[in-house]
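The values are calculated or read from the model by the stated rules, or taken from the named source; none is laboratory data. Remember, predicted model here, so these are calculated numbers, not experimental data. Cβ placement follows ideal geometry from the backbone for every residue including glycine, while neighbour counts extend to all protein chains displayed. Side chains included, ligands, DNA and RNA excluded: accessible areas come from the protein's heavy atoms. Shrake-Rupley method; radii C 1.70, N 1.55, O 1.52, S 1.80 Å.
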Amino acid sequence: MFVLVVNAGSSSLKYQLFDMDRSEMLAKGLCERIGTDGLFSHQVPSKGVEIKKIAAPMPTHADAVSLLVKYLTDPVYGCIREMSEISAVGHRIVHGGPWLIDSVRIDGPDGKVLSDLRKCVDLAPLHTKAHLQGIEGCMQVMPDVPQVLVMDTAFHQTMPKKAYFYPLPYEICEKYAIRRYGFHGTSHRYVSGKALELLGNPNAKIVTCHLGNGSSISAVNAGKCVDTSMGFTPLDGVIMGSRCGGIDPAIVPFLMEKEHIPVSEMGDWMNKKCGFLGVSGVSSDLRDVGAAAEAGDERARLSLDILAYQIKKYVGAYAAAMNGLDAVVFTAGIGENNPDIRRESMADMEFLGIRIDPVRNADRSATRISADDSRVQVFVIPTNEELVIASDTLRISQQK
Ligand code: ADP
C-alpha cells in the first residue's frame with residue numbers, strides 16, 4: 001500500500017511517498033516556485049536517486065502534482081510502476097478551525113469537508129488557500145484516489161475550555177471563532193505517543209517541546225493534550241526564529257503608532273522581524289545565533305537565554321497544570337540537535353525531579369538523556385509528522 005503525503009504552500013509543494021506495509025518513506029521531493037520559474041527536487045534514497053533543483057515549468061499546483069507523479073512512476077527515477085498504485089493522498093493542513101477536529105476524508109469537491117476547510121481561510125488565509133490549491137491539484141490529477149486531511153490543530157482539540165478560551169468578550173470569541181487552537185499537533189501526538197511507549201505507562205504526564213523554526217510546547221496527560229503554547233495563530237508561545245512568541249498585547253498598538261506600522265504589515269512584522277533574528281540581529285537560525293554567542297555576542301547570548309528560560313517556565317507551568325510530570329520530550333530541529341538548549345532549559349529543575357545526564361545529552365544517538373536518579377525522564381525523540389499523516393490517511397481511506 002502506497003500513500004502520498006502532500007504539504008502544499010502558496011508557491012511550493014512538498015511530498016513524501018510511503019510504503020505503508022513497512023511504514024517506510026520511499027521517495028520525497030519539493031516543487032518550488034510554482035507559477036513562476038519552477039524548480040523540482042526529488043529523492044529515492046534506496047536507489048541513490050537525487051535530483052536537485054532542476055528547472056521545470058509548473059504554472060499551477062496541478063502541474064506540480066503531474067510532475068511529481070511522472071517522476072514517482074519513472075523507471076529510472078521513480079519507485080512505483082503506475083499512479084494507480086497510490087492508494088490514498090494525505091494533506092497536511094495547518095489550521096482546521098473549530099470545524100475540522102479530526103483527520104477526515106474529503107467527500108467530493110462540493111462536500112462538507114472542503115466547505116469546512118474554506119471557512120478556515122479567515123483564520124489562516126495564506127496557508128489555507130495554498131492547501132486548497134494543493135488539494136484541487138491532486139483531485140484533478142488523481143480523481144479516483146481518496147484524499148484525506150490531517151490537521152495540525154487536531155491533537156489540541158482535547159484541551160479543556162479554561163485552557164483554550166481567551167478572556168475577551170464571550171460573544172466576540174464566538175462570532176470570530178477566536179480561541180487557542182495550538183499547532184504542530186501531529187508532532188506532539190507522535191512524540192508523546194512514543195514517550196508513553198518508552199515509559200510503559202499510558203497514563204503518564206508529559207511535556208512535549210517541539211522546537212524548530214516555529215516552536216510549541218504541549219502538556220499531554222494520558223495521551224490527551226490539555227494545554228499548548230501556540231494560540232489562535234502560530235505566533236504565541238516561546239521565542240522562535242523570527243516570531244516574537246507571547247508578548248504583552250498592548251505593545252502592538254503602541255508600536256503601530258510609534259513606528260507608523262500599518263495593520264496590513266504588523267502581522268508580518270511580528271512573524272518575520274522578531275524572535276532570535278530581532279533580538280540577536282544575527283539570524284533566525286539558532287546555529288548561527290549559537291556560534292555568535294560562543295564568539296561573545298551578548299545579544300545572541302540573550303536570545304538563547306530567553307528560549308531556555310521560557311521552556312523552563314512552560315515545563316513548570318504544565319507540571320502544575322497536570323499535577324505532576326513523568327517525562328519531558330525534546331523534538332524538531334533545535335530539540336533534536338541542540339544539547340545546549342536542552343541542558344540550559346532543564347538546569348536547576350531538581351525540585352521538580354529533573355536531572356539531565358551531560359554525557360547522554362551530548363550523545364547524538366541517545367533517546368533518554370536524563371540521569372538514572374532523575375524522577376522525571378527526559379527524552380529526545382525525532383519527530384515524523386509525515387508518517388503520522390500517512391498512517392491516518394491509510395486508516396481513514398480504508399474505512400467504509
Ligand atoms: P521547521 O520548523 O522549519 O521545520 P526545523 O525543525 O528544521 O525547522 O528547525 C530549524 C531550527 O533547528 C534552526 O534554528 C536550526 O538552527 C536548528 N537545527 C536544525 N538542524 C540542526 C542541526 N543539525 N544542528 C543544530 N541545530 C539544528
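Quick notes
Residues are listed down the side, and each one gets a yes or a no for (1) within 16 Å of the ligand (Cβ to nearest atom); (2) open to solvent by less than 30 Å² (accessible area, probe 1.4 Å):
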{"residue": "Cys209", "(1), (2)": "yes, yes"}
{"residue": "Val220", "(1), (2)": "no, yes"}
{"residue": "Lys224", "(1), (2)": "no, no"}
{"residue": "Leu277", "(1), (2)": "yes, no"}
{"residue": "Val289", "(1), (2)": "yes, yes"}
{"residue": "Ile311", "(1), (2)": "yes, yes"}
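- Some residue of region 2-11 being at negative phi, modelled with pLDDT of 95 or more and either in a loop (DSSP other than H, G, I, E, B) or among the acidic types (Asp, Glu) (or both): no
- The lone criterion from (1) among the acidic types (Asp, Glu); (2) open to solvent by 70 Å² or more (accessible area, probe 1.4 Å); (3) without any contact (Cβ under 8 Å) to a residue 40 or more places away in the chain left unmet by Asp340 is number (3).
Residues are listed down the side, and each one gets a yes or a no for (1) buried (at least 16 other Cβ atoms within 10 Å of the Cβ); (2) away from the ligand (no atom under 16 Å from the Cβ); (3) over 25 Å from Gln398 (Cα atoms):
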| residue | (1), (2), (3) |
| --- | --- |
| Leu123 | yes, yes, yes |
| Cys138 | yes, yes, no |
| Glu174 | no, yes, yes |
| Tyr190 | yes, no, no |
| Asn201 | no, yes, yes |
| Ile206 | yes, yes, yes |
| Asn213 | yes, no, yes |
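- Number of positions in region 265-275 that are open to solvent by less than 50 Å² (accessible area, probe 1.4 Å) and away from the ligand (no atom under 13 Å from the Cβ): 4
- The set of residues in region 362-393 being surrounded by 21 or more Cβ atoms within 10 Å (Cβ to Cβ) and assigned to a helix (DSSP H, G or I) consists of Glu385, Glu386, Val388, Ile389, Ala390, Asp392, Thr393.
- For Ile354, the criteria (1) assigned to a helix (DSSP H, G or I); (2) open to solvent by less than 60 Å² (accessible area, probe 1.4 Å); (3) away from the ligand (no atom under 14 Å from the Cβ); (4) free of Cβ contacts under 8 Å to residues at least 60 places away in the same chain hold in every case but one, which is (1).
- Residues located in region 321-337, provided they are within 14 Å of the ligand (Cβ to nearest atom), of a type outside the set (Gly, Ala, Ser) and crowded, with 20+ Cβ neighbours inside 10 Å: Phe330, Thr331, Ile334
- Remark: pairs (first residue in region 374-392, touching a residue at least 12 places away in the same chain (Cβ under 8 Å) and more than 16 Å from the ligand (Cβ to nearest atom); second residue open to solvent by less than 10 Å² (accessible area, probe 1.4 Å) and of a type in the set (Ser, Thr, Tyr); Cβ separation under 9 Å; 6+ apart in sequence or on different chains) = Val376/Ser370; Gln377/Ser370; Val378/Ser370; Phe379/Thr331; Phe379/Ser370; Asp392/Thr186.
- Within region 242-285, the set of residues being of a type outside the set (A, V, I, L, M), within 19 Å of Gly182 (Cβ to Cβ) and part of a loop (DSSP other than H, G, I, E, B) comprises Arg243, Cys244, Gly245, Gly246, Pro249.
- Residues being under 22 Å from Ile101 (Cβ atoms) and touching a Lys or Arg at 6+ places or on another chain (Cβ under 8 Å) - total across region 161-217: 7
Yes/no matrix, rows are residues, columns are (1) closer than 13 Å to Leu13 by Cα; (2) free of Cβ contacts under 8 Å to residues at least 40 places away in the same chain:
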position: Leu39; (1), (2): yes, yes
position: Gln43; (1), (2): no, yes
position: Tyr71; (1), (2): no, no
position: Asp74; (1), (2): no, yes
position: Val89; (1), (2): no, no
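- Verdict on Val113 being out of contact with any helix residue (DSSP H, G or I) (no Cβ under 9 Å at 6 or more places or on another chain) and assigned to a helix (DSSP H, G or I): yes
- Taken over region 127-151, the criterion of being touching a Ser or Thr at 6+ places or on another chain (Cβ under 6 Å) and not in a helix (DSSP H, G or I) is satisfied by Pro146, Val148, Val150.
- Selection from region 334-345 of residues that are touching a helix residue (DSSP H, G or I) at 6+ places or on another chain (Cβ under 8 Å) and of a type outside the set (D, E, K, R): Ile334, Gly335, Asn338, Pro339, Ile341, Ser345
- Taking the criterion of being within 16 Å of the ligand (Cβ to nearest atom) and open to solvent by 10 Å² or more (accessible area, probe 1.4 Å), the residues of region 226-258 that qualify are Thr233, Pro234, Leu235, Asp236, Ser242, Arg243, Cys244.
- Hits in region 152-166 - residues which are out of contact with any Gly (no Cβ under 7 Å at 6 or more places or on another chain) and outside any loop (DSSP other than H, G, I, E, B): Gln157, Thr158, Lys161, Lys162, Ala163, Tyr164
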